[in-house]
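Notes for the one structure printed next.
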Amino acid sequence: MGLTSFEDIIKEKLKERKNAHFMLVDGMSKLLTQKVKYCQSLDFQVSGIRWKLLIRPALGFNDCLSYSVWIIDEKYTGSYWEVKFNFKIGIVPQTGSDYCYVFVGCHNKQSLVLGLDNFISYTVLKERFLVNDKAVFYAEISDVQPNFPVTGIPRTMGTAERLKLIEVARNNSRFTWKITKFSSFTGVEHSSYEFTVGPRRWRLSMYPKGSGDGKGNSLSLYLTASDYVTDGPKGGTLAIYKLRVLDQLHRNHYEINCEDWFLHLTTWGRNKFLPLEELHKASRGFLVNDQIYIGVEFLIVSTTEYL
């Protein structure tokens, strides 16, 4: 069964499952081998409340996937909010009936994520549900009972998305920022110009004398995702990447591996990226003739589209 058949099945199910959200994950091998630590869906609304799905390798269980739902509405703050609901989590099979579990849930400040840690084994997943490195997960939420007033628009159909995990081509994976007269920087923060990788524009930012707990002792370095360059939903973008300062003498670059989900204008990085003592040490080759090269290399990025 190919991708078109999966899409056709989803479209049929959307008509009859008005409170369901489907997520087609394209690139499951990256999750199963833990190149990617977890996948999350776009936000979706049921009964006037915003939800999200989370899929990841199970903690404490060998070769199993964990599958959870949680409420992400910013308006539900404080200690006393609570939402009771019923939910079903499942996977669409190649043939036959769905693989699913049904639960009674209760979300509150103490219980933000609900689901099953050992939802499905890798063996069963590969035998029945994995087609061309793709699988379709869904959650169906019903009988939502919040302890606060909520106004929602009744659904007429379910919703669906495709999350694609893409290995970035080497010829478009790296950006290097050359900074001259490094010692002359007098401001607190300095940013590179924007560049495009995958569905987003990005930029690097550095604090020559550190930020937060790195202030006065480290070079702080961050990656920011700004505008989207593709049409479609403006949800989170997964990036697996390396932040680095280049060694100009020996090519023994200093780098840190990162995996983060970027929303609009989200910034991730390290306050204590590189100790200032190491940065200014002549033998390390990071700062030569008052010149430094700061870089990022993308390994995997995600794209999302509605189905």
Using the Cα centre as the reference, give the magnitude of the dipole from point charges on the C-beta atoms of segment 1-104 (Lys, Arg: +1; Asp, Glu: -1; all else neutral), rounded to the nearest 20 debye.
-> 140
If you add up the charges near Asn257, with Lys and Arg at +1 and Asp and Glu at -1, over every other residue whose beta carbon is less than 14 angstrom from its beta carbon, what do you get?
-> +1
Starting from the Cα-Cα distance between His190 and Lys84, subtract it from 0.36 nm times their residue separation and give me the gain in nm to one decimal.
-> 33.4 nm
Roll a 1.4 Å probe over the protein chains and send me the accessible area per residue for the chain in Å².
-> 49
Using a probe of 1.4 angstrom, how much of the accessible area of the chain is carbon and sulfur, in percent?
-> 48
Helix 3-16 sits at what angle to the longest principal axis of the chain, using alpha carbons and giving 0 to 90 degrees rounded to 10?
-> 50
Would you calculate the volume per residue, in Å³, of the smallest convex hull containing every Cα atom of segment 50-115?
-> 107
Where chymotrypsin sites (Phe, Trp or Tyr not before Pro) fall in DSSP loop in segment 5-107, at most 11 other Cβ within 10 Å = Tyr80
Computed [θ] at 222 nm, helices only, for the chain once each DSSP H run of length n ≥ 4 contributes -39500 (n - 2.57) | -2000 deg cm²/dmol
With r defined as the distance between the Cβ atoms of Tyr99 and Lys272 and R0 fixed at 35 Å, what FRET efficiency is calculated, to the nearest 0.05?
-> 0.20
Net charge (Lys, Arg +1; Asp, Glu -1) of residues whose beta-carbon lies under 11 Å from that of Lys215, Lys215 excluded, is +1
Segment 90-244: mean projected area of Cα convex hull, nm² | 15.9
Under a straight-distance cross-link criterion of Cα-Cα below 15 Å, which aspartates and glutamates are reachable from Lys234, leaving out those fewer than 8 residues away in the same chain?
-> Asp43, Glu161, Glu305
Which whole-Hz ³J(HN,Hα) couplings does segment 226-240 yield from phi under the Karplus relation 6.51 cos²θ - 1.76 cosθ + 1.60, θ = phi - 60°, glycine and proline marked x?
-> 10, 6, 8, 9, 10, 6, x, x, 9, x, x, 10, 7, 9, 10
Rounded, prolate or oblate: pick one for segment 180-225, where a ≥ b ≥ c are the square roots of the eigenvalues of its C-alpha gyration tensor, a/c under 1.5 means rounded, and failing that, prolate if a/b is larger than b/c, else oblate.
-> oblate
With a ≥ b ≥ c from the Cα gyration tensor eigenvalues, square-rooted, and the rule rounded for a/c under 1.5, otherwise prolate when a/b > b/c and oblate otherwise, segment 1-114 is oblate
Determine the shape class of segment 195-285: with a ≥ b ≥ c the square roots of the Cα gyration tensor eigenvalues, call it rounded for a/c under 1.5, and otherwise prolate if a/b is greater than b/c, oblate otherwise.
-> prolate
Gaussian network model of the chain, springs between alpha carbon atoms under 10 Å - residue of Phe175, Phe137, Phe148 with greatest fluctuation = Phe148
Got a sec to turn the phi values of segment 213-221 into Karplus ³J(HN,Hα) couplings, 6.51 cos²θ - 1.76 cosθ + 1.60 with θ = phi - 60°, whole Hz, x for Gly and Pro?
-> 6, x, 5, x, 9, 8, 7, 9, 9
Show the residues, 5+ positions off or on another chain, whose built amide H is closer than 5 Å to the amide H of Leu299.
-> Ile240, Tyr241, Lys242
Using a cut-off of under 20 Å, list every residue of segment 43-66 whose amide N is near the label point 7 Å from the Cα of Trp261 along the Cα-to-beta-carbon line.
-> 43-60, 64-66
Whole Å is fine, so just give me how far the alpha carbon centre of segment 147-206 lies from that of segment 19-67.
-> 20
How many Lys pairs in segment 39-128 lie less than 18 angstrom apart by Cα atoms, where the lysines are 8 or more positions apart or on different chains?
-> 7
Per residue of segment 47-59, in order, report the coupling 6.51 cos²θ - 1.76 cosθ + 1.60 (Karplus, θ = phi - 60°) as ³J(HN,Hα) in whole Hz, putting x for Gly and Pro.
-> 6, x, 10, 8, 10, 8, 9, 9, 10, 7, x, 5, 8
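The values are calculated or read from the model by the stated rules, or taken from the named source; none is laboratory data. Quantities reported herein were computed from a predicted structural model and do not represent experimental measurements. Cβ sites come from the backbone with ideal geometry, for glycine too, and all protein chains shown count toward neighbours. Just the protein is used for accessible areas: all its heavy atoms, side chains included, with ligands, DNA and RNA removed. Shrake-Rupley method; radii C 1.70, N 1.55, O 1.52, S 1.80 Å.
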